[in-house]
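S.K.: Please see the structure below; I have some questions.
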Amino acid sequence: MITRFLCVSFYLFFSFNAWAEMEDLSSARGDFSDLGSYDGFFDHISVVVTPSKMPQPRVDVSSTLSVLDGEFIRRINMQYVEDLLQFVPGFSVAPYKSSSQKESSYHGTQLDQYRRIQVLVNGRSVYSVGLARVEWATLPLSIEDVARVEVNRGPNAASYGINSFFAVVNIITRSPLETLGDSISAYSGSNGDYRLYGQHSGLNGDWSYRASASTNNVSGFDKNADGYERHDGHRTQMGNVLIQKETASSTFNLDVGANSLKDKIDPVEYDTGSYDINKPMRLIDREHIKLSYSKQVSPSHEVKIQYYYDQSDLNEYHEAILSSGFYNALFDGSSTVPVYESTIVDLLETRQDIELQSTWEASNRLRLISAVGYRWDEADSEHYLSGKASDEVFRLSSNIEYRASESWIINAGAMFERSQMGGAFLSPKFGMTYKLSEQESMRFNISKAVRTPDLSDQYFKWHYVLANGDSSPTSYAVNGEKEEKITSYEVGYYHYWPSRGLSFDIKFYHDEVKDMVLSQKKFTSYTGDAQVEEGITEDVDINGIELEFDWRFRSGAITRFTYAYQDTQTDNATLLKATTPVMISFFGSLPLTDRWAIQSYYWYGKELGGKDYELLNTWLSYELTFGGYSKATMGAGVETRLDDNSLVSKHNNLTENTFAYVFTNITF
């Protein structure tokens, strides 16, 4: 109760002070439009690229969009990129099986290995190919390198293809020109978490580069539902090199990154008397390379080509004692005593993608962007697939922006895709925007998308192979799963007040989801090979409202508030448990002096994984300038859970719900 009171008090204190500041400045200067810009808010509406891949003022787009800009990202003091999504309406971010396996979900529907959003890093899809999911902990991506995050809250397969189902998260990193020089960051918490980051950026003529690296340690959860100590926590090391060349008419980018994850996982109990006797580790090595080149061939025509390669290599090591009965039944043995054996869970996932894109401004009223692409996916796993499986996808897309009048804008597009594994799909979208002014618009959008089965869904052949060569029976897929389908309708309103640095957005939506795959892959055969259960699907209707409110002040103060309400129409209890009907977030940053500032954020999720979740984080920061561009920011804070519940899974429990931390960043 005391912490909730403090949270509300901070909000009211911030609001009253901010309002007083606005009134004072307004009376003194009349209007902010003649003052210098503050992160662009007082000068112009932000330009976004995610809805159609074309630069557009946000007021012109017909899709619902959230933008987390660089100023917000630096203020919020998050350590990991995925945690930023908590401040996007309708998103929840929480670990499920272990601290490393975070699920960033939009509109819920699934707790484990969430697979219904598309995530891009500089246009490169990081959606995994073998077991559909986003492995956030394996991305070679440091939050200090991120310039902005644009989130298309709704299907957008017309621009980004298969699996752009509920939303598209587009993470855009900073140019080396924005980070010239050196910087280091450090974070340490009383719960045992720590993080170190460093980067160097340089410039030579038209060429610029940045090399960055970080090491992270997360202690994880303390105890399971039975009160026993968890074998949880993980450590990552990552590095990234970005090389860029910019001229008046062309841009070249080379992006290379690698990540190594060491993840503690809980021992497995296979059967009565059969269980892991070691403390298993999940090891993942991931690497990528991306090249892109764009050329302005004429004042009205630009072409771009990009290629990327992404590979993830997972190995999970188990040593187990198997009871004689379990061993004999599963591995056709004849032992009379327990058997000590080891096994490896393996998965090698590889993706290659190439795309050619053309952006053409046919007239002042019509712009057209078209693309043709090819993607090759392969998964290699003895455990999940009994070998290799692959898929090829050809795609062709086109999106238009047509200004029918000064007030009406039409945004439409479609993508045709042919998958070797899933067949042919057409994903259209149509939207209209009515501009009430240059800062205010109403919008309507309808879109269709599909989520195709992953390689595991289609070619599932799951068995255990022991170190001595013994192999268990195989559970296998026969027909595979069909594609999931969604039709989404949304109506929204956006308003930006440049004189006050204030933006407001509200969205009403109705989603019709058909053939949502709910079947779980389980090992069911003990005496012989057997087919897994397939074709278990659910039709779901989702209705809701989402709003966000962002306010910037000349003093440097920031406040951001989001609210999401979701009504999910289904009788499936498992699906409902994975859905959070109400989510609220609030962030406030208030300068106290020219050096001191206080920041705080609050997040609430109703029935997240079946139980309410509330979090409050407050910190004090101090900034010191050394001259020139050199400066240091340091601070200390406290994070506390306001509920006494486990987090999503009943086994995710902490001994202490409150911890303190310190942080610093030095740029020189």
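The values are calculated or read from the model by the stated rules, or taken from the named source; none is laboratory data. Not measured: the values here are computed from a predicted model. No Cβ is skipped: glycine too gets one built from the backbone with ideal geometry, and neighbour counts run over all protein chains shown. All accessible areas refer to the heavy atoms of the entire protein, side chains included, with ligands and DNA or RNA removed. Shrake-Rupley method; radii C 1.70, N 1.55, O 1.52, S 1.80 Å.
S.K.: Out of the residues in segment 306-342 meeting the condition of being closer than 15 Å to T272 by Cα and hydrophobic (A, V, I, L, M, F, W, C), tell me which one is most open to solvent (accessible area, probe 1.4 Å).
M.R.: Taking the candidates together, the pick is V337.
S.K.: Another question about this same structure. All but one of (1) crowded, with 22+ Cβ neighbours inside 10 Å; (2) part of a strand (DSSP E or B); (3) of a type in the set (S, T, Y) hold for S164; which doesn't?
M.R.: Going through the list (1) crowded, with 22+ Cβ neighbours inside 10 Å; (2) part of a strand (DSSP E or B); (3) of a type in the set (S, T, Y), S164 breaks only (2).
S.K.: Kindly list the number of the only condition in (1) of a type outside the set (V, I, T); (2) closer than 30 Å to G528 by Cβ; (3) open to solvent by 50 Å² or more (accessible area, probe 1.4 Å) that fails for E438.
M.R.: The one condition E438 does not meet is (2).
S.K.: Here's a follow-up. Sort out which residues of segment 580-611 are open to solvent by 20 Å² or more (accessible area, probe 1.4 Å), within 16 Å of H107 (Cβ to Cβ) and in a loop (DSSP other than H, G, I, E, B), and write them in order of number.
M.R.: P581
S.K.: What are the pairs with Cβ atoms under 7 angstrom where one residue, in segment 200-227, is over 13 Å from I243 (Cβ atoms) and part of a strand (DSSP E or B) and the other, located anywhere, is of a type in the set (K, R) and open to solvent by less than 60 Å² (accessible area, probe 1.4 Å)? Sequence gap at least six, or different chains.
M.R.: Between residues of segment 200-227 that are over 13 Å from I243 (Cβ atoms) and part of a strand (DSSP E or B) and residues that are of a type in the set (K, R) and open to solvent by less than 60 Å² (accessible area, probe 1.4 Å), the close pairs are S214/R195; N216/R195; K223/R230.
S.K.: So, A320, is that one of a type in the set (G, A, S), more than 27 Å from V129 (Cα to Cα), part of a strand (DSSP E or B) and in contact (Cβ under 8 Å) with a residue 40 or more places away in the chain or not?
M.R.: Details: of a type in the set (G, A, S): yes; more than 27 Å from V129 (Cα to Cα): yes; part of a strand (DSSP E or B): yes; in contact (Cβ under 8 Å) with a residue 40 or more places away in the chain: yes.
Yes; evaluated as a whole, the condition is true for this residue.
A quick yes/no check of all residues on (1) in a strand (DSSP E or B); (2) open to solvent by 10 Å² or more (accessible area, probe 1.4 Å); (3) farther than 22 Å from D310 by Cα:
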{"position": "I73", "(1), (2), (3)": "no, no, yes"}
{"position": "E103", "(1), (2), (3)": "yes, yes, no"}
{"position": "G108", "(1), (2), (3)": "no, no, yes"}
{"position": "R115", "(1), (2), (3)": "no, yes, no"}
{"position": "V119", "(1), (2), (3)": "yes, no, no"}
{"position": "G130", "(1), (2), (3)": "no, no, no"}
{"position": "V151", "(1), (2), (3)": "yes, no, yes"}
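S.K.: For G492, work out the one condition from (1) open to solvent by less than 60 Å² (accessible area, probe 1.4 Å); (2) modelled with pLDDT under 95 it doesn't fulfil.
M.R.: Unmet condition: (2).
S.K.: What pairs come out if I take residues in segment 95-120 that are on the phi > 0 side of the Ramachandran plot and of a type in the set (D, E, K, R) and pair them with residues that are part of a loop (DSSP other than H, G, I, E, B) and open to solvent by 10 Å² or more (accessible area, probe 1.4 Å) whose C-beta lies under 7 Å away, six or more apart or interchain?
M.R.: none
S.K.: I'd like the full set of residues that are in a loop (DSSP other than H, G, I, E, B) and of a type in the set (G, A, S), limited to segment 460-485.
M.R.: To start, the set of residues in segment 460-485 that are in a loop (DSSP other than H, G, I, E, B) comprises 460, 463-464, 467-470, 472-474, 477-483.
Once the filter is applied, which keeps residues that are in a loop (DSSP other than H, G, I, E, B) and of a type in the set (G, A, S), segment 460-485 yields A467, G469, S472, A477, G480.
S.K.: Still on this structure, please answer the following. Can you find even one residue in segment 617-634 that is of a type in the set (D, E, K, R), more than 30 Å from K514 (Cβ to Cβ) and in a strand (DSSP E or B)?
M.R.: Let us first name the residues in segment 617-634 that are of a type in the set (D, E, K, R), namely 623, 631.
Cutting the leftovers down to more than 30 Å from K514 (Cβ to Cβ) gives us 623, 631.
Filter once more, so that each one left must be in a strand (DSSP E or B): 623, 631.
Yes, some residue in segment 617-634 is of a type in the set (D, E, K, R), more than 30 Å from K514 (Cβ to Cβ) and in a strand (DSSP E or B).
S.K.: Taking the condition open to solvent by 70 Å² or more (accessible area, probe 1.4 Å) and either modelled with pLDDT of 95 or more or out of contact with any strand residue (DSSP E or B) (no Cβ under 9 Å at 6 or more places or on another chain) (or both), does E656 pass?
M.R.: Working: open to solvent by 70 Å² or more (accessible area, probe 1.4 Å): yes; either modelled with pLDDT of 95 or more or out of contact with any strand residue (DSSP E or B) (no Cβ under 9 Å at 6 or more places or on another chain) (or both): yes.
In short, yes.
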